[in-house]
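Remarks on the structure that follows.
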Amino acid sequence: MSDPVNKKNTAMAASDTWGRPLKALRISVTDRCNLRCQYCMPEENYVWLPRETLLTFEEIVTLTRVFSDLGVDKVRITGGEPLLRKDLSTLIRMLRQNNRISDVALTTNGVLLNEQAQALFDAGLHRVTVSLDTMKPERFKALTKRDSVEQVLEGIQSVGRAGFKGLKIDTVAIHGYNDDELVDLIEYGKHVSAEVRFIEYMDVGGATDWSADKVFSRAAILQTLKQRYGAIEPIEEESSAPAQRFLLSDGTTFGIIASTTTPFCATCDRSRLTADGMWYLCLYAKTGIDLRQPLRSSTSDQDLQSRIRSGWESRQDRGAEERKELERVNSRGRFIEIDRLRQDPHLEMHARGG
Ligand code: SAM
Ligand code: SF4
Ligand code: SF4
């Protein structure tokens, strides 16, 4: 019998209507979170995905195998807060059995990282990204409604100790909130051997507090950093990664993910699987493709593969560019109303995984 995980890939890789390949899959393992970031979960109450609908680890591995048949070679585990999912390192170990997946990464808020970093490293996780918007305890509490900054900083310290290289720190830059802390974050990044990436505040589903005046743009970020560091060189590199990288004169690098002011949909090879098996072809997509139902009706790999292929081959999404175009007619505001989010929690950023 052939090895079901690493059998030779005979399927043709899938490309969408713009010729964008299917390469990177973000897998959300829970929609729950232990923080309440103002830009992601600002409401008092949320509707959660029913527990019985959450994919098991075996189901996630099966879907990942089918995705890898079609060209996916990078996986990012996300949430909600992925470290809330019990035994996450077991899932990492299972995913690492698939040798067509060359990169397994994790995005976490870091609160539970200190206690799990070593197990994750030992299980074969390649890379960790920790989200950190401020190092000031009061500010952290105001932003996240939780008093956990010390735990996050300990979590960040534990990453190198566990053996990981290539730590990234992701910071959502918000005008009037943390735009005075960008230099401190770069300096902290140097201290913990992490590359900092500044993300523009996006008007995604769930960002019900978003307004254009809170976006601290790429231009503003560069201007702020120039005042402290002098000349900043863009790094020229061929990449479908969302961050554009820059070099400071002391050799420090950092990134900017300018999805709001300078969208990069033309090279987007990413799609997202929610914890209950809905597949979304764009962060802004309002509808997804249900993969749980066919998976649970004992559908063959071939059938799952043809559903995924036909979904990707008809993909036209360029959500961030469409949002940007609304600025021309002055109608860029809240993307999805709260009532609609309550009817369909899949529309929330914390269900899609960022
Ligand atoms: N809970 C984990 C974390 O925060 O790292 C993983 C899930 S979270 C949804 C993934 C990323 O999305 C985080 O880096 C977060 O900062 C980012 N994010 C959430 N809402 C955002 C928004 N409105 N604009 C920009 N980034 C956002
Ligand atoms: Fe914050 Fe991530 Fe939780 Fe959203 S999912 S509230 S970004 S920690
Ligand atoms: Fe990709 Fe959609 Fe984001 Fe554009 S908005 S980069 S198409 S996920």
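Are there any pairs, at least 6 apart or on different chains, whose C-beta atoms fall under 6 Å, with the first in the range 298-316 and in a loop (DSSP other than H, G, I, E, B) and the second crowded, with 18+ Cβ neighbours inside 10 Å, and if so, which?
As it stands, the answer is 315/16; 315/281, since those pairs meet every condition given.
Give the range 317-354 a look and list any residue that's in a loop (DSSP other than H, G, I, E, B) and within 16 Å of ligand 2 (Cβ to nearest atom), or say none.
Once the filter is applied, which keeps residues that are in a loop (DSSP other than H, G, I, E, B) and within 16 Å of ligand 2 (Cβ to nearest atom), the range 317-354 yields 335, 336, 348, 353, 354.
Residues 78, 62: which one is among the β-branched types (Val, Ile, Thr) and out of contact with any Gly (no Cβ under 7 Å at 6 or more places or on another chain)?
Criteria check complete, one pass: 62.
Quick one: residue 279 ticks every box in (1) in a loop (DSSP other than H, G, I, E, B); (2) more than 24 Å from residue 171 (Cβ to Cβ); (3) of a type outside the set (Asp, Glu); (4) within 15 Å of ligand 3 (Cβ to nearest atom) bar one, so which box is it?
With (1) in a loop (DSSP other than H, G, I, E, B); (2) more than 24 Å from residue 171 (Cβ to Cβ); (3) of a type outside the set (Asp, Glu); (4) within 15 Å of ligand 3 (Cβ to nearest atom) applied to residue 279, the lone miss is (1).
Can you find a residue in the range 213-220 that is in contact with a His (Cβ under 9 Å, 6 or more places away or on another chain) and in a loop (DSSP other than H, G, I, E, B)?
For the range 213-220, residues in contact with a His (Cβ under 9 Å, 6 or more places away or on another chain) and in a loop (DSSP other than H, G, I, E, B): present.
Can you pull out every residue in the range 69-116 that is under 17 Å from the mean Cα position of the chain (by Cα), closer than 26 Å to residue 269 by Cβ, in contact (Cβ under 8 Å) with a residue 40 or more places away in the chain and in a helix (DSSP H, G or I)?
Selection gives 82, 88.
What are the pairs with Cβ atoms under 6 angstrom where one residue, in the range 246-275, is within 30 Å of residue 29 (Cβ to Cβ) and the other, located anywhere, is among the polar types (S, T, N, Q) and surrounded by fewer than 16 Cβ atoms within 10 Å (Cβ to Cβ)? Sequence gap at least six, or different chains.
As it stands, the answer is 267/240; 269/240, since those pairs meet every condition given.
Looking at the range 248-257, is at least one residue away from ligand 3 (no atom under 11 Å from the Cβ) and of a type in the set (A, V, I, L, M)?
yes
Restricting attention to the range 154-190, report how many residues are among the hydrophobic types (A, V, I, L, M, F, W, C), part of a helix (DSSP H, G or I), under 22 Å from residue 127 (Cβ atoms) and out of contact with any Gly (no Cβ under 8 Å at 6 or more places or on another chain).
4
Among (1) open to solvent by 10 Å² or more (accessible area, probe 1.4 Å); (2) away from ligand 2 (no atom under 13 Å from the Cβ); (3) in a loop (DSSP other than H, G, I, E, B); (4) not small (Gly, Ala, Ser), there is one condition residue 62 misses while meeting the rest; what is its number?
Exception for residue 62: condition (3).
Would you confirm whether any residue within the range 143-157 is closer than 20 Å to residue 253 by Cβ, within 21 Å of the chain's Cα centre (by Cα), crowded, with 19+ Cβ neighbours inside 10 Å and within 16 Å of ligand 2 (Cβ to nearest atom)?
Checking the range 143-157: at least one residue is closer than 20 Å to residue 253 by Cβ, within 21 Å of the chain's Cα centre (by Cα), crowded, with 19+ Cβ neighbours inside 10 Å and within 16 Å of ligand 2 (Cβ to nearest atom).
The values are calculated or read from the model by the stated rules, or taken from the named source; none is laboratory data. These numbers come from a predicted model, not from an experiment. We place every Cβ from the backbone using ideal geometry, glycine too, and count neighbours over all the protein chains shown. We work out accessible area using only protein heavy atoms, side chains counted, and drop any ligands, DNA or RNA first. Shrake-Rupley method; radii C 1.70, N 1.55, O 1.52, S 1.80 Å.
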